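Colleague: Pasting a structure below so you can have a look.
The values are calculated or read from the model by the stated rules, or taken from the named source; none is laboratory data. Predicted model only: the values in this text are computed from it and were never measured. Here the Cβ is made from the backbone with ideal geometry for all residues, glycine too, and neighbour counts use every protein chain on show. Surface areas here come from the heavy atoms of the whole protein model, side chains and all, with no ligands, DNA or RNA. Shrake-Rupley method; radii C 1.70, N 1.55, O 1.52, S 1.80 Å.
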Amino acid sequence: MGKNNKFFIPRGDRRLGDRYELLECLGDGSHGSVWRAQRLSDDNIVAVKIPKDQGGTSKELAEGSALIGQESHPNVVSVYWMGRVPPENEWYAIEMEYFPSLTLAQLLDNGDQGFVASYDRVLGLYQQVLSGVGHLHKLGVSHGDIKPQNILVSGTLLKLTDFGCSISPEDIYARTREKGGTIL
């Protein structure tokens, strides 16, 4: 289970350091896996993302760090903490709000049994996406990857998640200068 392993495999006791008990894998994407976990310090349920490329620096692995300590928003998943999990500091993790839901992509893929929407529902979801994006922009963050897989839906409530492509305005300028083109 070293940093050189490509994939995270939980220990037999499902503990991640002295911070979490991993309860259920919620999803496994190209950049990491997300787990429903119990925070051991207070027994609260949170979502924990474990990036696949553990060899990167903490700065390279940080996703949504600008959201830590910020006022929460009903349409943006809150980010609580990120860093190497003590005491071993072997795995980098991102602790977020746990929001029991399905992704918009999952709802759309379910066909007749999944996403049936009136104009009012679609408009309501769209307004929530815009409200979440507006909140991020007030914090100086550009999400960078809004797509159905990164939109969580539960009933009539929607939340944006996955801040792996999020960047600040300063980084937008740096990226366009480094790689050419216009990232916006």
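Colleague: Testing residue 105 on (1) in contact (Cβ under 8 Å) with a residue 24 or more places away in the chain; (2) under 18 Å from residue 152 (Cα atoms); (3) under 13 Å from the mean Cα position of the chain (by Cα); (4) open to solvent by less than 50 Å² (accessible area, probe 1.4 Å), one condition comes back false. Which one is that?
Modeller: (3)
Colleague: On to the next question. Can you name the condition, by its number, that residue 110 falls short on among (1) out of contact with any helix residue (DSSP H, G or I) (no Cβ under 6 Å at 6 or more places or on another chain); (2) open to solvent by less than 60 Å² (accessible area, probe 1.4 Å)?
Modeller: (2)
Colleague: Hey, among 129, 76, 122, which residue is at pLDDT 95 or above, over 14 Å from the mean Cα position of the chain (by Cα) and among the β-branched types (Val, Ile, Thr)?
Modeller: On the way: 76 fails: over 14 Å from the mean Cα position of the chain (by Cα); 122 fails: at pLDDT 95 or above.
On inspection, the qualifying residue turns out to be 129.
Colleague: Taking region 123-147 only, how many residues are in a helix (DSSP H, G or I) and of a type outside the set (Ser, Thr, Tyr)? So that I can check it myself, show each step before the final result.
Modeller: First, the residues of region 123-147 that are in a helix (DSSP H, G or I): 123-138.
Narrowing the set further to residues that are of a type outside the set (Ser, Thr, Tyr) leaves 123-125, 127-130, 132-138.
The number of residues fulfilling the criteria is 14.
Colleague: Identify the residue in region 132-177 that is surrounded by fewer than 15 Cβ atoms within 10 Å (Cβ to Cβ) and among the polar types (S, T, N, Q) and, among all such residues, is modelled with the highest pLDDT.
Modeller: Here the residue is 154.
Colleague: Go through the residues of region 85-95 one by one and say whether even a single one is crowded, with 19+ Cβ neighbours inside 10 Å and of a type in the set (Asp, Glu).
Modeller: Scanning region 85-95 turns up at least one residue that is crowded, with 19+ Cβ neighbours inside 10 Å and of a type in the set (Asp, Glu).
Colleague: Name the pairs: first residue in region 150-161 and farther than 15 Å from residue 110 by Cβ, second residue crowded, with 23+ Cβ neighbours inside 10 Å and of a type in the set (D, E, K, R), Cβ to Cβ under 8 Å, at least 6 apart or on different chains?
Modeller: 150/162
Colleague: Which condition number does residue 83 fail, the rest of (1) in contact (Cβ under 8 Å) with a residue 40 or more places away in the chain; (2) at positive phi; (3) not acidic (Asp, Glu) being met?
Modeller: (1) is the only condition that residue 83 fails.
Colleague: Within region 59-84, can you find the residues that are β-branched (Val, Ile, Thr) and open to solvent by less than 60 Å² (accessible area, probe 1.4 Å)?
Modeller: 76, 77, 79
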